[in-house]
1. PRE reach from residue 179 (point 7 Å along Cα→Cβ): which of segment 199-241 fall under 14 Å by backbone N?
2. Using a simple charge model, +1 on the beta-carbon of Lys and Arg, -1 on the beta-carbon of Asp and Glu, nothing else, what dipole does segment 443-558 show about its Cα centre, in debye to the nearest 20?
3. Kindly identify segment 1-98 as rounded, prolate or oblate by the Cα gyration tensor criterion: order the square roots of the eigenvalues as a ≥ b ≥ c, call it rounded if a/c is under 1.5, otherwise compare a/b with b/c, prolate if a/b is larger, else oblate.
4. Between residue 68 and residue 241, take the C-beta separation as r, use R0 = 25 Å, and let me know the FRET efficiency to the nearest 0.05.
5. Over segment 134-175, what is the relative contact order in whole percent, taking alpha-carbon pairs under 8 Å and six or more residues apart?
6. Mind jotting down the distance between the C-alpha centroids of segment 285-306 and segment 180-254, whole Å?
7. Give me the percent relative contact order of the chain, please, defined on Cα pairs under 8 angstrom at least 6 residues apart.
8. Name the long-range amide H neighbours of residue 207: under 5 Å, sequence gap of 5 or more, or other chain; modelled H, no Pro or chain starts.
Amino acid sequence: MKFKPFNQPGPQLGNQYDTDRVLRSYLRRALPPELLAEVEPSLRELGELAGGELYRLQLADRLNVPVLTQWDAWGERIDHIEVTAVWKRAERLAAEFGIVAAAYERAWGRFARPVQFALAYLFHPSTDVYTCPLAMTDGAARTLILSGNRQLIDRAVPRLTSRDPATFWTSGQWMTEFTGGSDVGLSESVATLDEAEDWFLHGRKWFTSATTSQMALTLARPEGSGPGGKGLAMFYLELRDEDGRLNHITINRLKDKLGTRKVPTAELMLEGAPAVPVMGLTDGVRNIIPMLHLTRTWNSVMAASTMRRGVALARDYAHRRKAFGALLSHQPLHIDTLAWLQAETEAAFHLSFCLVELIGRDEADDIAAADADLLRLLTSIAKLTTGRQVVTVVSEVLEAHGGAGYIEDTGLPLLLRDGQVMPIWEGTTNVLSLDTLRAVARDQAGLVALQRKVSAATREARDPALVEAGQVAARAVHNALHFLHENAGERALLEAGARRFAMTLGRALALALLVEQAQWSLDNEQDGRARAAAVRFSRTAIDLLAGVDPAADFALANDEPLPSGPAALVDAAGRAS
Ligand SMILES: Cc1cc2nc3c(=O)[nH]c(=O)nc-3n(C[C@H](O)[C@H](O)[C@H](O)COP(=O)(O)OP(=O)(O)OC[C@H]3O[C@@H](n4cnc5c(N)ncnc54)[C@H](O)[C@@H]3O)c2cc1C
């Protein structure tokens, strides 16, 4: 018996810039035409690399991971980490394309950030999460600039923002200790001062993701300093001495991780590592916030970028794979699934680029008061919203490839492994939700600004389907505000609803931004696809606050008995029904 040869065709990628309608349409709206013309060749070149050479290299290098060699042949402690081929290539390309530097090129004013993040968005999915050190590098550069510490700025910022691979530095952000990553105020690392007034750090850092970087910003408690985050100071340290050896730092091991396996995340010991206080000897947690704002922004954009990669692969595959006599791209239910994934992806894109745009305006001192209020609230909301979206979307992307999606050498499982970190690091979903709640309890200006932005998008929409979609967003924000006011003073109820509150704001704003883009695209590009995305997204769960029963939740979470009487649902306003 002869078998017919059977090859299951795998998905292909084209130029990742040319084929990205959403990115290109957004840039046409957001950038002045002459700036777009100036940066488009770089975007196109990076799009070509990302869909071609880098993608192939990534697949070929799939099994390699960074290797830690702690001792050399002659018994000397070296703690050398050899990174993968993709990482070596990515480091050069990151400098050459200015993926950090672009943000600091002031000639582009408020547009510097959208340009930089468009580059990063194209770069990310083909470079095995090299964007992790880039995010921290960007965060460190900004934090140092804001610190006003002239000596450190002069030493590090030109390197962190260099376009020359020979001088380019990356930075780590070492916060998490054994005692906690969310509750960093418990950090146990200690800083001591010698007679020459030099500082040295002692302690154990439990997660350090850029241990191959040249520098890090970290937290330690100066001897005699008080408890909590206030008693910590932010320190600058360079990892290696003049001979290139780790400077009183030893690496215990590299973490054995589910994903981001190319990222050398280490557990390390600070054993009297020389360091310099960046801005005083207290308030370290507060002082490192600019770094977190940027790393969370990177996280949001990289989540959108991972979703886009997954959908691009699934869409292409649907045009190649037949089931039940037709291509998947013609099967109504498969189309329905892909349309939903595309709508989620577009929503994540616009939410994260709204944040990027506001940062660009802020850094260029070109920001309206209401936008500045919104910016303060948006970092956490965008990070937690997109962090959950990416896991949902890439999980579906794997399923859209059937069994192949579960097979390692297709490269597809990587999307899920790497996507799963996005809701965890840089602040988990719950921790950022509580931050959001605290932020609005302190000051409601951001919330008011968000509500106005959502209302404006709805008001300015003329297309009837977009008006209706905008109204879904406006109602969700209205209910979120109601939830806040009705439960004021009810701490347990507020905390319990914090994630649904923050997600409602994130999804509603994403919807409003989609509506805005869609109306523009109808008017200027005569393209109805963004409208279709807005309408489709408006039919997903936007208002997550309605219909909750706190007593039932408690029983469910703790598996405790629950009487069989009628459920006492509490609506978004906290009213029992
Ligand atoms: C791959 C990877 C790389 C990393 N790289 C770095 C790095 O380079 N530098 C660095 O500093 N850190 C790094 N981290 C650490 C990361 O930032 C922390 O793991 C994260 O912040 C969570 O902290 P934790 O692990 O202590 O979890 P915990 O704080 O113990 O949280 C456990 C769970 O409890 C929830 N929770 C906590 N408090 C509350 C609350 N009050 N109410 C409700 N729920 C709550 C959290 O949401 C979470 O689900 C990395 C982590 C990973 C996975």
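Each value in this text was obtained by applying a stated rule to the coordinates, not by laboratory testing. Not measured: the values here are computed from a predicted model. No Cβ is skipped: glycine too gets one built from the backbone with ideal geometry, and neighbour counts run over all protein chains shown.
1. Label zone hits: 202-206, 219-233.
2. Magnitude of the dipole: close to 160 debye.
3. Oblate, because a/c is 1.5 or more while a/b does not exceed b/c.
4. Here the calculated transfer efficiency is 0.85.
5. 47
6. Cα centres, segment 180-254 to segment 285-306: 21 Å.
7. Over the chain, the number comes to 12 percent.
8. 176
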